[in-house]
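Enquirer: Structure in structure tokens, see below.
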């Protein structure tokens with residue numbers, strides 16, 4: 001427990017500083033998380049018989065992150081948009097697998113491409129920060145409140161399994177508590193930022209739903225690989241995938257909903 005608390009005391013301020021500061025600070029922190037997450041995904045894939053995918057996953061995720069960072073400006077590389085990065089990643093992965101004549105090249109290419117896209121969701125934190133500090137804080141805080149509320153509600157009232165084949169410990173009661181926690185967080189953030197409370201409630205609810213979907217997706221990956229935690233980068237908390245699975249999906253959902261509501 002002490003190690004878990006110490007990790008939170010050190011890690012949370014660093015992450016909050018990065019998302020509030022934005023720019024290179026957020027780019028650097030997100031890049032580190034992508035590289036570490038790629039090692040964790042590579043380990044999961046190795047258990048499923050796919051070896052040596054780390055370079056493709058890491059490079060693909062980083063390329064999406066960097067393209068999100070530079071496409072918002074007006075510099076020499078601003079033409080390199082995320083959709084161009086996506087096409088480049090998929091083309092490079094397919095070319096490498098076919099060129100090396102690996103066994104099951106299409107399966108390996110699909111696994112590497114999916115891994116790169118999954119970690120590339122960190123790019124949405126950069127895009128959210130381009131919109132301002134409030135949007136990215138909305139995604140982060142609503143996700144944290146969702147996870148916390150789901151855990152506490154599930155511990156106290158959890159009776160009905162939600163997805164026993166994926167994560168036996170998760171309950172419908174916990175999921176409902178998480179949705180309410182995210183909704184409440186969205187309202188409080190909107191109130192503090194002087195925004196529309198109805199929009200804040202909607203953002204919080206959508207963020208909470210996306211966060212719970214992201215949590216289930218990562219649980220399914222770990223279940224298939226036969227592991228409890230994806231890694232141990234955060235002592236007492238697990239790996240990058242364990243800590244950021246919910247935020248990856250919530251960030252994307254909040255970004256598109258925010259644009260729609262503007």
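The values are calculated or read from the model by the stated rules, or taken from the named source; none is laboratory data. Predicted model only: the values in this text are computed from it and were never measured. Here the Cβ is made from the backbone with ideal geometry for all residues, glycine too, and neighbour counts use every protein chain on show.
Enquirer: With the requirement that a residue be part of a helix (DSSP H, G or I) and either in the same structural domain as residue 234 (by TED's automatic domain parsing) or surrounded by 17 or more Cβ atoms within 10 Å (Cβ to Cβ) (or both), what does segment 40-59 give you?
Expert: 40, 41, 42, 44, 45, 54, 56, 57, 58, 59
Enquirer: Among the residues that make up segment 162-171, is at least one of them surrounded by fewer than 24 Cβ atoms within 10 Å (Cβ to Cβ) and part of a helix (DSSP H, G or I)?
Expert: Scanning segment 162-171 turns up no residue that is surrounded by fewer than 24 Cβ atoms within 10 Å (Cβ to Cβ) and part of a helix (DSSP H, G or I).
Enquirer: Something else: Give segment 86-106 a look and list any residue that's without any contact (Cβ under 8 Å) to a residue 24 or more places away in the chain and either buried (at least 17 other Cβ atoms within 10 Å of the Cβ) or within 23 Å of the chain's Cα centre (by Cα) (or both), or say none.
Expert: 87, 90, 94, 97
Enquirer: Let me ask you something else. Would you check which residues across segment 223-232 are out of contact with any strand residue (DSSP E or B) (no Cβ under 9 Å at 6 or more places or on another chain) and in a helix (DSSP H, G or I) and list them?
Expert: Restricting attention to segment 223-232, the residues satisfying the condition of being out of contact with any strand residue (DSSP E or B) (no Cβ under 9 Å at 6 or more places or on another chain) are 224-227.
Across segment 223-232, the qualifying residues are 224, 225.
Enquirer: Just checking, does segment 233-256 include any residue being at pLDDT 90 or above, closer than 28 Å to residue 49 by Cα and not in a helix (DSSP H, G or I)?
Expert: yes
Enquirer: Filter segment 107-143 for residues that are without any contact (Cβ under 8 Å) to a residue 40 or more places away in the chain and in a helix (DSSP H, G or I) and give the result.
Expert: So the first thing to find is which residues in segment 107-143 are without any contact (Cβ under 8 Å) to a residue 40 or more places away in the chain, and the list is 109-110, 114, 132.
The answer is 109, 110, 114.
Enquirer: Can residue 184 be described as surrounded by 24 or more Cβ atoms within 10 Å (Cβ to Cβ), at pLDDT 95 or above, over 19 Å from residue 167 (Cβ atoms) and more than 12 Å from the chain's Cα centre (by Cα)?
Expert: no
Enquirer: Okay, next question. Name the single residue, out of those in segment 188-216 being surrounded by fewer than 16 Cβ atoms within 10 Å (Cβ to Cβ) and in a helix (DSSP H, G or I), that is nearest to the chain's Cα centre (by Cα).
Expert: If we take residues in segment 188-216 being surrounded by fewer than 16 Cβ atoms within 10 Å (Cβ to Cβ) and in a helix (DSSP H, G or I), then 213 is nearest to the chain's Cα centre (by Cα).
Enquirer: In addition: What is the number of the single condition among (1) outside any helix (DSSP H, G or I); (2) surrounded by 20 or more Cβ atoms within 10 Å (Cβ to Cβ) that residue 178 does not meet?
Expert: (1)
Okay, residues lined up against (1) surrounded by 21 or more Cβ atoms within 10 Å (Cβ to Cβ); (2) at negative phi; (3) in contact with a strand residue (DSSP E or B) (Cβ under 6 Å, 6 or more places away or on another chain); (4) not assigned by TED's automatic domain parsing to the domain that holds residue 50:
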| site | (1), (2), (3), (4) |
| --- | --- |
| 112 | yes, yes, no, no |
| 120 | yes, yes, no, no |
| 126 | yes, yes, no, no |
| 138 | yes, yes, no, yes |
| 142 | yes, yes, no, yes |
| 149 | yes, yes, no, yes |
| 156 | no, yes, no, yes |
